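Take a look at the structure set out below.
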Amino acid sequence: MGKKVLLIEDEPNIIEAVSFILSRDGWEVKTHSNGHDAIMAVRERAPDLIILDVMLPGKSGFDILHEIRADEDHAETPVLMLTARGQLKDREMAERAGASRYMTKPFSNAEVLDAVRSLVPQ
Amino acid sequence: MATLNVLILVCLSYVVFLFAIAFAADRAALHGRGTWLHSPLIYTLSLSIYCTAWTFYGAVGFAARSGLEYLTIYLGPTLVMIGWWWTLRKMVRIGRSQRITSIADLISSRYGKSNTLAVFVTILAVVGTTPYIALQLQSVTLSFATFAEADLTSTSLPNRQSTAFLVAVGLALFTILFGTRNLDVNERHHGVVMAIALEAVVKLFALLAVGVFVVWGLAGGVEQTLERINASEIARWEVPTSRWIGLTMLSAAAFLCLPRMFQVMVVENENEGHLRTAAWAFPAYLMLMSLFVVPIAAVGLDVLPQGSNPDLFVLTLPLNAGRDGLAILSFLGGFSSATSMVIVAAIALSTMVSNHVVMPIWLHLTGGTAVVSGDVRNVALLARRLSIAGIVLLGYLYLQLSGGGTALAAIGLVSFAGVAQFLPALMGGLVWRGATRLGALCGLGVGFAVWMYCLFLPSFGSSSILPQTLFDHGLFGMSWLRPQALFGVEGMDQVVHAVMWSMLLNTASFVFVSLVSFPKPVERLQGAQFVNVFQHSATAGSWSGGLAQSEDLMIMSQRILGAPEAQAFFAAAAQRQGLAGYLPEPSPDFLQELERELSGSVGAATAHAMISQIVGGATVSVEDLMAVADETAQIMEYSNQLEAKSQEQARTARQLREANEKLTQLSVQKDGFLSQISHELRTPMTSIRAFSEILRDTEDLSPEEQSKYSSIIHDEAIRLTRLLDDLLDLSVLENGQVVLNEHKGCLEDLLDRAVAITGGGAGNFAIRREKSAEQVVLLTDLDRLAQVFINLIANARKYCDADRPELTIKTSQKADRLLVDFTDNGSGIPTDQQTVIFEKFSRIGQTKAGGAGLGLAICREIMARLGGGIDYLPGQRGASFRVTLPLNSQNATQ
């Protein structure tokens, strides 16, 4: 049984693409597509890794990251942040908020796999 | 026998005595002693310069020729002193409060400090007074000659011309010595006043002595004298009423207007109260002077040989009787009369000449920058001295030129008539606020011209200056312009004729021009100050002691300069004066320095007014106040400018702040916009990249998967293209660069087109329309409008969440506007989102239908360009948008 990845993303095509890539690499991929109850999904699924989009309907990815880091069960869970906004200040904000890794869309599939593998030792 | 030598000796002693008296009085005044100097008696006696040699000698001559007519020249002043006491008091008050220095100064001050007027009055005064000075010189010369003729011991007669010249030089010297010893701001000359008061006593005493001798010594008593008078022609001479009234008025006017009378009456006046005494004492003096005139004339005519000059009876009667002592006394009386008149007249005229003619010219030539007072002082003194010498010399020259043949009294009257021309401007200025500078100038000009033409020039004798034909046929051959029969008025006495016409025309033009001309502000102010002088001026305050003044000055200066600065300034000044402490003596130097210091803070005029208020106790004149007002106005203007500037700066700062806020806001908006665009572009690109990599790298993809991922890539590529199109479209619309292609078209066709493009009623999506209302012809950019309709219909198709989605398109007209409502039956847009749906990149809820959120923003821009609008209509069941279009340029059909 592979490790669990929770993908929090609202764009259906991206969900499909990431799920396809990770599943083929042996990951168990769960998805969630809005910001409101993202933290609930995290608690429910208890993933080994969280892939988090910054712009989500209902709540921003940064706020969700704060909530994750505030939750004692998931404070150490690695979080890979994805953003479509490529500005430097977004990267800084992500690092301050406690993101383990930060990636700008569009990404290459290999990059995603590398990042995920390095964040969760197999 | 009277010896000429004795006379000369007595004369010289008398002059030396006068010098001593004047010197002593000056010294006493300088040291603040001698209160007797300020007694009303001295003032009254000084007024007696009215009685010149003309009255001393001439009155008898007058009486001998014209009987009681001589009384008129005493009657006029008496009437003025008693009846016009109030006017005199007003003149004196004005003179003090305005620091008036001469009659020219008074008239020019009243009419707004007009120097033109001052110069004019000065010239008139000089022309009018010169013959009178000549008259005095002549009388001294004549009386001296009379003595010489009677002196049998002298073998050679003294040269008359040299006598006159010596007398003139002597008088000029005396006047310069005592008239210009110091430049007092108030122009008071204690020494001179004292000397003329003494001379007044001498001449009265001399005339009374001669009178007593004639009545009791020669005639043998009062009764015998009266008999002789009755026997003489004097009693029989009839004086015409017109001449009586004319001469009385003339002498009254002259009494007020003569520069020398103004000098002693107003300028030298120490105390207004003195006028009260003078009001009765001076008429009494005049009465005493005239008491023995008729007896002397009658006895003289009786006793002395036919052809004797009646003008010299006062002298010749004692001489004839062998009373040398009395004769010398009489000579001294005449000498006193002559000298006092010349001295005062020279002082008065020189003040006018130097103040109004020489100084302005000098200041003009030196560029008017004479702030260094020492300079001005010396120049003023020099000007004064030269003027005195010049005026006396002028009198001497006149004497030489006229030959001195005319009867003394005649010259006197001509002179009187000349200065009487001041009267309308003077009196009018005192009582009538409406009098103007122009009026005064015209009145004086006309009066002066008439006087010159009718009296002064003819007085040289017909055909001497004016040709005889002028007298016979008038100017330019016009008979009504004959100098002695103006306007055809013939048979009048020459003097009365000239006085009547000159005064009449003078007054008339003065009043008329004053009425039609408009006074300047200074004139109005001065006018009010003069006319209402009693309301405005208090009697001058007393002089306070030295150090008390310094203390007041110190208090004032501390307020203006600041305490430490003022104390340092005062202490330094005290140290320079060799005094310990903070209070220096208020010496002129110190005051000047202080004034300069203060003027740096409050302006020169204000500083001057403040210091003179404290030190001089003088009232602040209107001129001072005007200057203060000017300065204040300047300061106000300056501070207004500063205020305006600082307001402007505040405005600029506010504008800058606003601009900055706007820029910051724009910058934030730009960041947000860029960030949004980045997001909208990167999202489809992410899918495209991810799936193209999957397609490339994954070998075992099923055909379904291949097809699905390919179509995702295709869809996302289209989404990207649409997004770029929308962005470009919006950018063009927002920058106003869009060009509208207006065409005529029917609304129905347009809606048909939009419905067809969006897929029409395909699927279960129903569109309801009211085609009858859509028969409207529009003139607009039809493609753009269709774009809006397409957007709205597509949105409804995309977002309407009803089970049986339905869109109602309703067309209506309201006023001059066309309304097209697009209402669906979905759940609509939440209230809090209704305001933002037209913003760029706004998307409702979580629906992800691939829109970038630019559609409604573009619609809003298009409708704005078309002159209409698009709004969300709340309160319908579903989402409802209203498109508004103006109708005024379109014609509705059907």
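The values are calculated or read from the model by the stated rules, or taken from the named source; none is laboratory data. As the structure is a computational prediction, the values presented were derived from the model and not from experiment. Cβ: placed from backbone, ideal geometry, glycine included. Neighbour counts: every protein chain shown.
Looking at the structure I just gave you, is B:ASP725 assigned by TED's automatic domain parsing to the domain that holds B:ILE767, without any contact (Cβ under 8 Å) to a residue 60 or more places away in the chain and part of a helix (DSSP H, G or I)? No; evaluated as a whole, the condition is false for this residue.
Given the options B:GLU238, B:GLU227, B:GLU199, name the one that is in the same structural domain as B:THR44 (by TED's automatic domain parsing), among the charged types (D, E, K, R), modelled with pLDDT under 80 and assigned to a helix (DSSP H, G or I). Within the list B:GLU238, B:GLU227, B:GLU199, the selection yields B:GLU227.
Scanning for something of a type in the set (A, V, I, L, M) and within 14 Å of another protein chain (Cβ to nearest Cβ), does region A:64-78 turn up at least one residue? No, region A:64-78 has no match at all.
Yes/no per residue for (1) in the same structural domain as B:THR44 (by TED's automatic domain parsing); (2) modelled with pLDDT under 85; (3) among the aromatic types (Phe, Trp, Tyr):
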position: B:LEU247; (1), (2), (3): yes, yes, no
position: B:ALA252; (1), (2), (3): yes, no, no
position: B:VAL266; (1), (2), (3): yes, yes, no
position: B:ALA281; (1), (2), (3): yes, no, no
position: B:TYR285; (1), (2), (3): yes, no, yes
position: B:LEU304; (1), (2), (3): yes, yes, no
position: B:PRO310; (1), (2), (3): yes, yes, no
position: B:LEU332; (1), (2), (3): yes, no, no
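For region B:683-701, a residue qualifies if it is within 7 Å of chain A (Cβ to nearest Cβ) and of a type in the set (Lys, Arg), and exactly one does: B:ARG689.
Exactly one of these conditions fails for B:SER678: (1) at the interface with chain A (Cβ under 10 Å from one of its Cβ atoms); (2) at pLDDT 85 or above. Give me its number. Among (1) at the interface with chain A (Cβ under 10 Å from one of its Cβ atoms); (2) at pLDDT 85 or above, B:SER678 violates only (2). Summed over region B:535-558, residues that are within 29 Å of the chain's Cα centre (by Cα) and at pLDDT 70 or above total 3. Of the residues making up region A:1-53, those that are of a type outside the set (Val, Ile, Thr), within 14 Å of chain B (Cβ to nearest Cβ) and in a strand (DSSP E or B) are A:LEU7, A:HIS32, A:ASP53. Say whether the condition of being under 24 Å from B:GLY853 (Cα atoms), in contact with a Lys or Arg (Cβ under 7 Å, 6 or more places away or on another chain) and not charged (D, E, K, R) is met by at least one residue in region B:761-769. Yes.
Only one entry in B:LYS814, B:LYS771, B:LYS810 is assigned by TED's automatic domain parsing to the domain that holds B:ARG882, free of Cβ contacts under 8 Å to residues at least 12 places away in the same chain and more than 26 Å from B:VAL739 (Cα to Cα), namely B:LYS814.
Does B:ASP752 qualify as being free of Cβ contacts under 8 Å to residues at least 12 places away in the same chain and loosely packed, with under 14 Cβ neighbours inside 10 Å?
When the stated conditions are applied, B:ASP752 does not pass them.
Counting residues in region A:25-48 that are free of Cβ contacts under 8 Å to residues at least 24 places away in the same chain, surrounded by 17 or more Cβ atoms within 10 Å (Cβ to Cβ) and touching a strand residue (DSSP E or B) at 6+ places or on another chain (Cβ under 8 Å) gives zero. Of the numbered criteria (1) touching a helix residue (DSSP H, G or I) at 6+ places or on another chain (Cβ under 9 Å); (2) not in a loop (DSSP other than H, G, I, E, B), the one A:LEU56 fails is (2). Selection over region A:95-114 of residues that are within 14 Å of chain B (Cβ to nearest Cβ), surrounded by 12 or more Cβ atoms within 10 Å (Cβ to Cβ) and aliphatic (A, V, I, L, M) gives a count of 3.
To keep it simple, each residue is scored yes or no on (1) in contact with a Phe, Trp or Tyr (Cβ under 9 Å, 6 or more places away or on another chain); (2) crowded, with 24+ Cβ neighbours inside 10 Å; (3) of a type outside the set (D, E, K, R).
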{"residue": "B:CYS257", "(1), (2), (3)": "yes, yes, yes"}
{"residue": "B:VAL267", "(1), (2), (3)": "no, yes, yes"}
{"residue": "B:ARG276", "(1), (2), (3)": "yes, no, no"}
{"residue": "B:PRO283", "(1), (2), (3)": "yes, no, yes"}
{"residue": "B:MET287", "(1), (2), (3)": "yes, no, yes"}
{"residue": "B:SER290", "(1), (2), (3)": "yes, no, yes"}
{"residue": "B:VAL293", "(1), (2), (3)": "yes, yes, yes"}
{"residue": "B:ILE296", "(1), (2), (3)": "yes, yes, yes"}
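Restricting B:GLY745, B:GLY760 to those that are small (Gly, Ala, Ser) and either assigned to a loop (DSSP other than H, G, I, E, B) or facing chain A (nearest Cβ under 10 Å) (or both) reduces the list to B:GLY760.
Among the candidates B:GLY67, B:GLY112, B:GLY83, single out the residue that is among the small types (Gly, Ala, Ser), within 38 Å of the chain's Cα centre (by Cα), farther than 30 Å from B:LYS520 by Cα and not assigned by TED's automatic domain parsing to the domain that holds B:PRO519.
B:GLY83
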